[in-house]
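Trainee: Quick one: structure below, then a few questions.
The values are calculated or read from the model by the stated rules, or taken from the named source; none is laboratory data. Quick caveat: nothing in here was measured; it's all calculated off a predicted structure. When we count neighbours, we look across all protein chains shown, and the Cβ atoms used for this are built from the backbone with ideal geometry, even at glycine. These area figures cover heavy atoms from the full protein model, side chains too; ligands, DNA and RNA do not enter into them. Shrake-Rupley method; radii C 1.70, N 1.55, O 1.52, S 1.80 Å.
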Amino acid sequence: MHVSRLLHQSLTWLRKALLSDVVPPWPTQDADEPLGDLDITGTTEGGWTRVEVRGEIDHDTARQLRSPLELYARRCHSGCAIDLRRAPFIDTAGVAVVAGAFRIAHARGAPFQIRNATRTVSRTLRAAGLGMLIQA
């Protein structure tokens, strides 16, 4: 997992360096997208709460996701939709967080959906028994 991140980081930097005349800063110096962090945004429209998650959901970032996702699950009225189009990976810690938010929404009687999950994320969620939450 960590090696995959390092490879991705290095190849992204190398691509930027090859395509420009100026040497870009190394990603750890770039404040726009810190490594290991998630970007979580939530909006409410028509009673539905839509939460967009950007970044890898793994052991290192699951704690960062837990509080906001549980809060959104508690506040949703008509339903809660988690948009994972920008989450390329989820591990067991992330699955546990999503399952916890589902339990909260379910206890309130609110529908809970996972939308736009990548193939890798969908496969992991299905293997964990959460396939019924995935919307096409």
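Trainee: Quick one, which of (i) 101; (ii) 180; (iii) 120 is the actual volume of the Cα convex hull per residue in Å³ calculated for this model?
Mentor: Calculated volume of the Cα convex hull per residue in Å³: the matching label is (iii).
Trainee: So, R0 is 35 Å and r is the distance between the beta-carbons of ARG123 and LYS16; what FRET efficiency does that work out to, to 0.05?
Mentor: 0.70
Trainee: Only helical DSSP H runs with n ≥ 4 go in: add -39500 (n - 2.57) per run for the chain, normalise by residue count and round the 222 nm mean residue ellipticity to 500 deg cm²/dmol.
Mentor: Rounded to the nearest 500, it is -13500 deg cm²/dmol.
Trainee: While we're here: By DSSP, what percent of the beta bridges with both residues in the chain are antiparallel, rounded to the nearest 5?
Mentor: 35 percent
Trainee: Loop only per DSSP, at most 12 neighbouring Cβ atoms within 10 Å: give me the chymotrypsin sites (Phe, Trp or Tyr not before Pro) in the stretch 59-136, ordered by residue number.
Mentor: Hits after loop and neighbour filter: nothing returned.
Trainee: Next question, about the same structure. Out of the total accessible area of the chain (probe 1.4 Å, heavy atoms of protein only), what percent is carbon and sulfur?
Mentor: The C+S portion of the solvent-accessible surface of the chain is 54 percent.
Trainee: Note the angle between two axes, namely the Cα long axis of helix 62-75 and the longest principal axis of the Cα atoms of the chain, as a number of degrees from 0 to 90, rounded to the nearest 10.
Mentor: 30 degrees
Trainee: Quick one: dipole size for the chain, taken about the Cα centre, charges +1 on Lys/Arg Cβ and -1 on Asp/Glu Cβ, in debye to the nearest 20.
Mentor: 620 debye
Trainee: Between LEU6 and THR41, what FRET efficiency comes out of the Förster formula 1/(1 + (r/R0)^6) with R0 = 30 Å and r the beta carbon distance, rounded to 0.05?
Mentor: Computed FRET efficiency for THR41 and LEU6 comes out at 0.65.
Trainee: For the chain, set up a GNM with springs between Cα atoms under 10 Å and report which of ARG15, ARG103, ARG74 has the largest fluctuation.
Mentor: Per the Cα network of the chain with a 10 Å cutoff, ARG15 tops the list.
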